[in-house]
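Structure record follows, encoded as structure tokens.
The values are calculated or read from the model by the stated rules, or taken from the named source; none is laboratory data. None of the values given here were measured: they were computed from a predicted structure. Note: ideal-geometry Cβ built from the backbone for every residue, glycine included; neighbour counts use all protein chains shown. Please note that ligands, DNA and RNA were not included when accessible areas were found on the heavy atoms of the full protein model with its side chains. Shrake-Rupley method; radii C 1.70, N 1.55, O 1.52, S 1.80 Å.
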Amino acid sequence: MHDWLAALPVYNEQNFVATVLDEVARYANRILVVNDGSTDETAERLLYWQRSRPDCRLEVIHHAENRGYGAALKSAFEYSIDQGYKYLVTLDCDGQHQPKRIPRFLSACAGADCGGVDIVSGSRYLKQYEGDSQPPSERLYINKRITSELNEQLNLRLTDAFCGFKAYRVEALKLLDIQDDGYAMPLELWVQAAMRGMRIIEIPVPLIYLDLNRSFGGALDQAEKRLHYYHEVIARSVKAMQDVGFSLPSYQSSVQGCHR
Ligand SMILES: Nc1nc2c(ncn2[C@@H]2O[C@H](COP(=O)(O)OP(=O)(O)O)[C@@H](O)[C@H]2O)c(=O)[nH]1
Ligand SMILES: [Mg+2]
């Protein structure tokens, strides 16, 4: 029984999908790609990869239309639960996450190193790596601001609230009830995880930006609109948890750095 799955949300990644999958397949026997309504050659390139790599079990979920980063991850969560996996590793498919780090996420989550945790999150601000990119200043500002606001409100000690490279204990995923389909989904996840007292650790990952002009799509490209959307989702998520009886953590939740 393969007890873990690697999953990648994908939207219009025709330039990356094959090379990223080649790398992921070096570390994972079970891979899921959620094709979030791509309109470029992504679907064809996935099919070609599947046929050219019969040794590797790649499952593909196609969203009929683009539903958003959060929606793509929710589909991966549901699939990992339905298929009975114990652990799920998620990473992006645009070259910003190095598949060679998958084993570290898995061992941190499966307990060999840090005694078993619910969520392992990559952080681009825990350790400086040679060759790290300079993040776009606006993105850096919003990341730092939202990360410190979440720490303040949820008594967490995160250093990077937005890294898509994560590992999850699937039993913990079953407790989540994620509503947001967009880029604020990770923030809703932190609210629910912290208010449920989940055990969270961060491990360092390099900071890689290959395309500084990458768009969030529409109005979200404006920093203040994005900030407003993030604040709205955090406030709504906290209220939704309080409405079902959870309260804001009053002690330092168990976010520990697991420095490798
Ligand atoms: N931009 C975008 N990416 C999506 C969407 N759905 C899935 N993805 C994938 O989600 C991952 C992260 O997206 P990206 O735009 O790189 O986010 P960022 O690195 O945080 O700016 C990538 O693998 C995308 O292909 C979507 O609706 N829009
Ligand atoms: Mg990216």
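So that you can scan it fast, the table gives a plain yes or no per residue for (1) in contact (Cβ under 8 Å) with a residue 60 or more places away in the chain; (2) within 15 Å of ligand 2 (Cβ to nearest atom):
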| site | (1), (2) |
| --- | --- |
| P9 | yes, yes |
| A25 | no, no |
| E41 | no, no |
| Y48 | no, no |
| I61 | no, no |
| A76 | yes, no |
| L106 | yes, no |
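Scan the stretch 21-50 for residues that are aliphatic (A, V, I, L, M), over 19 Å from the mean Cα position of the chain (by Cα) and either closer than 15 Å to P9 by Cα or open to solvent by 100 Å² or more (accessible area, probe 1.4 Å) (or both) and the total you get is 2. In this structure, does N29 turn out to be within 15 Å of ligand 1 (Cβ to nearest atom) and either at pLDDT below 95 or farther than 17 Å from Y168 by Cα (or both)? The answer is no for N29.
Checked across the stretch 87-94, the condition of being assigned to a loop (DSSP other than H, G, I, E, B) and of a type in the set (S, T, N, Q) holds for no residue.
Just the residues that are buried (at least 22 other Cβ atoms within 10 Å of the Cβ) and within 16 Å of ligand 1 (Cβ to nearest atom), please, taken from the stretch 106-131. Within the stretch 106-131, S121, G122, R124 qualify. Only a single item in (1) outside any helix (DSSP H, G or I); (2) at pLDDT 95 or above is not met by G116, and it is number (2).
Of the residues contained in the stretch 3-16, none is found to be part of a strand (DSSP E or B) and more than 16 Å from the chain's Cα centre (by Cα).
Among the residues that make up the stretch 66-77, is at least one of them away from ligand 1 (no atom under 12 Å from the Cβ) and surrounded by fewer than 16 Cβ atoms within 10 Å (Cβ to Cβ)? Reasoning before the result, please.
Just the residues of the stretch 66-77 that are away from ligand 1 (no atom under 12 Å from the Cβ), to begin with: 77.
Imposing the further condition that a residue be surrounded by fewer than 16 Cβ atoms within 10 Å (Cβ to Cβ) reduces the set to none.
For the stretch 66-77, residues away from ligand 1 (no atom under 12 Å from the Cβ) and surrounded by fewer than 16 Cβ atoms within 10 Å (Cβ to Cβ): absent.
Filtering the stretch 1-20 to residues that are surrounded by 18 or more Cβ atoms within 10 Å (Cβ to Cβ) and among the acidic types (D, E) leaves only E13. Has the stretch 82-95 got any residue that is farther than 18 Å from A7 by Cβ and more than 15 Å from ligand 2 (Cβ to nearest atom)? No - not one qualifying residue is present in the stretch 82-95.
Among the residues of the stretch 222-247, those identified as more than 16 Å from ligand 1 (Cβ to nearest atom) and open to solvent by less than 40 Å² (accessible area, probe 1.4 Å) are I234, S237, V238, M241.
Scanning the stretch 154-186 for residues that are farther than 24 Å from Q242 by Cβ, touching a Leu at 6+ places or on another chain (Cβ under 6 Å) and within 16 Å of ligand 2 (Cβ to nearest atom) yields one hit, F165. Of all the listed residues (A184, A219), the sole one being within 15 Å of ligand 1 (Cβ to nearest atom) and modelled with pLDDT under 95 is A219. Just the residues that are of a type in the set (D, E) and in a loop (DSSP other than H, G, I, E, B), please, taken from the stretch 191-248. Scanning the stretch 191-248 gives a single hit, D211. Checking each residue in the stretch 51-103 for being farther than 23 Å from D177 by Cβ and under 15 Å from the mean Cα position of the chain (by Cα) picks out L91, D92, C93, D94, G95, Q96, H97, Q98, P99, R101, I102.
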